[in-house]
Amino acid sequence: MDRELTLMVVHAHPDDECLSTGGILARYTEEGVRTVLVTCTNGEQGDGDGGVKPGEDGHDDAAVAARRLAELRESVAHLGVDHLELLGYRDSGMDGWAGNGHPDAFANVPVEEAAGRLAALIERYRPQVVVTYDETGGGGYGHPDHVQTHRITVAAVESTGIPDKFYYTAMPRSAMKQMFELMRDSGMDVGDFEVPDDFGTPDERVTTVVDVAPYTERKLKALRAHESQGENIFLLRMPEETQQRAFSHEAFERVLSKVRTPTHEEDLFTGLRH
Ligand SMILES: [Zn+2]
């Protein structure tokens, strides 16, 4: 029996869903694919009201989490996502932050435990396609929660054996360089920053580029919903033309396919449609 086409995207924090996967979530939902977003942490280590950072006076973890989860619900509404699933783990903070040592921090949870909970969601929704970060947490990002998200998703995909195709989000190096040059050319103050050669995903790892140009406005609305973190979202401060360019395509690395598919695809569901 054919099962309903389903896409599951697994992210670490509220707001991560927008940039690398907002377009596919919006596009596939509109095409009638059932979409499921799993967010692993509550984002406690984000900015508080007035840009207060974790560890500073007045940073209230519970209030930050509540606000960010409300923003996540608004973002998901803009993208049209059918099901939002929260694993509810505690945000570990960026590498080197004091929050890394918290016993409940997501990065300190045994992989089998969190992977078991994700596996239960995969059993329930039976997605043909699952998307998460690569082993670096996404193009070399290295955030402990993103790396942990990668680990638990790999474990859950393997243990259930349910997904037919499995992808990592990708930020192609060549596109990163172009984007940066565009920012500089458009007069944005980038100082003497140069894009390091090892920044982003090596181009040869990219198998799949999805055109999401019609959804750039919805991606932008979703991103703006995460208002409390606005200071950290540099794309919101880019000139409009640069934003359009940055948002119009989403790239992925296919790491598993049980169906026949060409090396280079433009659709995550290639080989799965009848
Ligand atoms: Zn994140």
Exercise for the section: Report whether or not residue 81 is in contact with a helix residue (DSSP H, G or I) (Cβ under 8 Å, 6 or more places away or on another chain) and either within 24 Å of residue 5 (Cβ to Cβ) or buried (at least 17 other Cβ atoms within 10 Å of the Cβ) (or both). Expected result: yes
Practice task
Out of the residues in the range 211-246 that are among the β-branched types (Val, Ile, Thr) and out of contact with any Lys or Arg (no Cβ under 7 Å at 6 or more places or on another chain), state the one that is modelled with the highest pLDDT.
Solution key: 216
Problem - Failed item in (1) under 19 Å from residue 250 (Cβ atoms); (2) of a type in the set (Val, Ile, Thr); (3) over 18 Å from the mean Cα position of the chain (by Cα), with residue 21 passing the rest - result: (3)
Practice task
Tell me which residues, restricted to the range 1-52, are within 16 Å of the ligand (Cβ to nearest atom) and in a loop (DSSP other than H, G, I, E, B).
Solution key: 12, 13, 14, 15, 42, 43, 44, 45, 46, 47
Handout entry: Residue satisfying all of: in the range 53-78; within 15 Å of the ligand (Cβ to nearest atom) and in a helix (DSSP H, G or I); surrounded by the fewest Cβ atoms within 10 Å (Cβ to Cβ) among these
Key = 69
Exercise for the section: Output the number of residues of the range 92-122 satisfying the condition of being more than 15 Å from the ligand (Cβ to nearest atom) and part of a helix (DSSP H, G or I). Expected result: 15
Handout entry: Filter result for residue 105 (more than 13 Å from residue 16 (Cβ to Cβ) and either surrounded by fewer than 22 Cβ atoms within 10 Å (Cβ to Cβ) or at pLDDT below 95 (or both))
Key = no
Exercise for the section: Scan the range 129-151 and give yes if some residue there is of a type outside the set (Gly, Ala, Ser), in contact with a Lys or Arg (Cβ under 6 Å, 6 or more places away or on another chain) and either away from the ligand (no atom under 14 Å from the Cβ) or touching a residue at least 60 places away in the same chain (Cβ under 8 Å) (or both), otherwise no. Expected result: yes
Fill in the blank from the handout: From the option list 125, 89, single residue qualifying as within 16 Å of the ligand (Cβ to nearest atom), modelled with pLDDT of 95 or more, touching a strand residue (DSSP E or B) at 6+ places or on another chain (Cβ under 8 Å) and not small (Gly, Ala, Ser) is 89
Fill in the blank from the handout: The condition from (1) in a helix (DSSP H, G or I); (2) of a type outside the set (S, T, N, Q); (3) free of Cβ contacts under 8 Å to residues at least 12 places away in the same chain that residue 176 misses is numbered (3)
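The values are calculated or read from the model by the stated rules, or taken from the named source; none is laboratory data. None of the values given here were measured: they were computed from a predicted structure. When we count neighbours, we look across all protein chains shown, and the Cβ atoms used for this are built from the backbone with ideal geometry, even at glycine.
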